[in-house]
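Notes to accompany the following structure.
Just so it is clear, none of the values below were taken in a lab; they were calculated from the coordinates. Fair warning: this is a prediction, and the values are worked out from it, not measured in the lab. Cβ atoms come from the backbone with ideal geometry, glycine included; neighbour counts cover every protein chain shown.
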Amino acid sequence: MIKYIFNPFFIYSSIFVFIILIYPLQWSDIQPKLSGNLTLFILSTVVISFFLSLIFRSNFKNISLESIKYKNHFVWVFSVVGVALEFLYAKGIPLIKVMRGEFHDYFAFGIPTFHAIFLPYLISIGLISFYNYLASRNRSDLFLYLFSILFCILIINRGAVIFILFSSLVIHFLLKNNLTPKKVILTIIGSVITLYLFGVVGNYRMVSSGYQGNDIILTVGQANSNFYQSNVPTEFFWSYLYLVTPFSNLQYQVNNIPSNVDIENAFKYHILIDFLQKRIFPDNQQQTMLLQEEFNVSTMYGDVVQVAGIPGAMVLFIWYILVVFVVTKLTPSKYKIIVIGILCCISVLQCFTNIMVIAGYGLPPVLIALLSRFKFANNRII
């Protein structure tokens, strides 16, 4: 049962189908109607992913459930020094700045290039430590896991916190291999609470960014009578918008595909990790077409559709398939559960943006697959 559900391709199929199903609620006037061509393309990827999930199950045969018996002294030192350097460079801690009412640019935080490597590294060691704590109950691993989450909270990176927590949930279920009705119920309750808190934090972020009023999201998100008549708490409107507006933006981009699309652009700008793109192809000046600037994501396919059309989206989907299979294959057995957990989370986030090219999320499984093979004086380096 576990290997059917917590499987990157099954997760992809489930989340995309779920959004297709809730989209017709039409709680916001931002939402355009999804075209038949776009719906057909999305459902095609869903069907292909479902069948690939059956093939992917073979990866569960050679998984080791043993703890990783290496010291983590090097990891601790590098992590603490790295965090200190990040805050020194930023001249403060973002969360404290926001609590004081100061303006904070969420996208400008961190030491250039170093942050692009350090954040995925910290996420990786956090998840490895979580796995190791479940397998061995080593307190040092638990503290290292909490340390990685704390850093993401202090820099107000909600995406990274959710990324770690969701990946942790998958790792837990895969390691215990026991999905009971009680755990399902608790997971659902936890998910509902998380979605509610997501809306609460979102309101605070909008206020700290200069917006006025606690319910500004209803105005910005153009809530209509369908939502008001539903009697759903405002905080959940946040979650609904975050799920459906990527599809709305994608439809807008499909409606406005330029005549000069080039399939080569799919390889140049939408496959390489972002910080490498900026250095290898500095001429990329692509501006994402959006229905509204506050909602700035358009699924994994939005940006590539703008420069390479639907064929470019097909190329990206094939690349996603290759990444999942190849990275899993390269990962040592002791680390495979961790990487599968991360790939499941990446598959969920693909409904928002092309998460594989964002270093903080796309690099962790690659770092684990490669660096887990190396040790330093009996210390793991990741």
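A few notes on this one:
- Here the 3J(HN,Hα) profile of region 180-195, calculated from phi with Karplus coefficients 6.51, -1.76 and 1.60 at θ = phi - 60°, is 8, x, 4, 5, 5, 5, 5, 5, 5, 4, x, 5, 5, 4, 4, 5 Hz, Gly and Pro shown as x.
- Reach of Lys97 by Cα under 17 Å, taken over lysines that are not fewer than 8 positions away in the same chain: none
- Multiplying the residue separation of Leu371 and Ala108 by 0.36 nm and subtracting their alpha-carbon distance yields 91.9 nm.
- Anisotropy class of region 280-329 from Cα gyration tensor, a/c 1.5 cut: prolate
- Semi-axes of the equivalent ellipsoid for the chain, Cα gyration tensor, largest first, Å: 32, 25, 23
- Point-charge dipole on Cβ atoms (K/R +1, D/E -1) for region 294-382, about Cα centre, debye to 20: 680
- Alpha-carbon centroids, region 120-137 and region 1-68: separation in whole Å: 26
- Contour excess over end-to-end distance, with Cα ends at Leu54 and Val232 and 0.36 nm allotted per residue: 60.4 nm
- Distance in nm between pseudo-label sites at Phe18 and Ser136 (7 Å out along the Cβ direction from Cα): 3.4
- Once the Cα-Cα distance is subtracted from the 0.36 nm per residue extended length, the Met99 to Phe78 segment shows a gain of 4.7 nm.
- Nitroxide proxy distance, nm - points 7 Å out along Cα→Cβ at Asp262 and Gln26: 4.0
- Pairs over the 20 Å Cα-Cα cut-off, from the set Lys278/Lys336; Lys61/Lys182; Lys183/Lys334; Lys69/Lys334: Lys278/Lys336; Lys61/Lys182; Lys183/Lys334.
- The chain, relative contact order in percent, only Cα pairs under 8 angstrom and at least six apart counted: 28
- Listed residues Leu367, Leu144, Leu21, most fluctuating in the chain (Gaussian network, C-alpha, under 10 Å): Leu21
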